[in-house]
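The values are calculated or read from the model by the stated rules, or taken from the named source; none is laboratory data. Please read these numbers as outputs of a predicted model, since none were measured by experiment. Cβ atoms come from the backbone with ideal geometry, glycine included; neighbour counts cover every protein chain shown. Side chains are part of the model used for accessible areas, which takes the heavy atoms of the whole protein and leaves out ligands, DNA and RNA. Shrake-Rupley method; radii C 1.70, N 1.55, O 1.52, S 1.80 Å.
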Amino acid sequence: QVQLEESGGALVQAGGSLRLSCAASGRTFGTYAMGWFRQAPGKEREFVASISQSGVNTRYADSVRGRFTVSRDNAKNTVYLQMNSLRPEDTAVYSCASAYGSYSDQIRAYNRWGRGTQVTVSS
């Protein structure tokens, strides 16, 4: 089964940018849809973005659409989240997850999760 590890989280000022990476183990990365989720202190985990197996189709939460871009490189077993125009409300632990089926925005669709990487946006 795939194992996932995120990286790229950091402390950044509002208006800045970060690129998160999620590296996957195994030979079947290209068969999984991938999602990014985040959880802020005291809040429930929420959907951020997802991408289909081929990378052609993507989906975004309204709160990040136009600022964040999800992409993947199946040759490198990696999915990315480019985050621009960051806001203090984007502060959270960001996790990637894999799904067998469609690039859903539902947490329950994802069966494997990374441990997450901290993103902190200062005002």
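Data for the structure
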item	result
Selection within the range 10-37 - open to solvent by 30 Å² or more (accessible area, probe 1.4 Å) and either modelled with pLDDT of 95 or more or under 16 Å from Y80 (Cβ atoms) (or both)	A10, L11, Q13, A14, G15, S17, R19, A23, G30
Unique residue being touching a helix residue (DSSP H, G or I) at 6+ places or on another chain (Cβ under 9 Å), at pLDDT 95 or above and of a type outside the set (F, W, Y) when the list is T69, T78	T78
Hey, T58 in contact with a Leu (Cβ under 8 Å, 6 or more places away or on another chain) and open to solvent by 30 Å² or more (accessible area, probe 1.4 Å) or not	no
